[in-house]
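The values are calculated or read from the model by the stated rules, or taken from the named source; none is laboratory data. Not measured: the values here are computed from a predicted model. Using ideal geometry, Cβ is built from the backbone for each residue, glycine included, and neighbour counts are taken over all protein chains shown.
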Amino acid sequence: MADQLSETFGALADPTRRAILARLASGEASVTELAAPFEMSMPAISKHLKVLERAGLIARGTVNTMPGATLEAFADHGEVTGDTVTGGYPASRQVLDQLAAAAVDFDDVTEYLERDGLAKFEKSWSELGATVAAELEEQRSHPGNSRP
């Protein structure tokens, strides 16, 4: 664990690599697009990317976990309604009272949803980890076959 932690902090110590990560946080990019803001050679950018890959901070050929279609759909017809958390206690209390009158035990429902949701999250997280690990292994096995 200390080795991985050292690799991660070592990767983050460099301002160029931090800038690359910041760019990737806004969406996928080709190596050429990542190199554009820097006055350095493509091999130098590739070395920075390899350091980030070894640290487990990026993986070639992957994208963020929010599907582009979801972002596009929200941009097309999504609506931010503002503060939906505060100020709704009376209505919430009424819903809970109605559930209780219908013999629905809110604590049982909550426990089930937490357990089920956690199981689904763990499964998805494990699948994501396996996919990233496989892609990293593929890249290490065939370094000349890089995909942007």
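Determine whether ALA69 is farther than 22 Å from GLU137 by Cβ, in a helix (DSSP H, G or I) and at pLDDT 90 or above. In short, no. For segment 71-99, residues that are among the aliphatic types (A, V, I, L, M) and either loosely packed, with under 10 Cβ neighbours inside 10 Å or touching a helix residue (DSSP H, G or I) at 6+ places or on another chain (Cβ under 7 Å) (or both) total 6. Considering LEU99, LEU34, LEU57, the condition of being under 23 Å from the mean Cα position of the chain (by Cα) and not in a loop (DSSP other than H, G, I, E, B) is satisfied by LEU34 alone.
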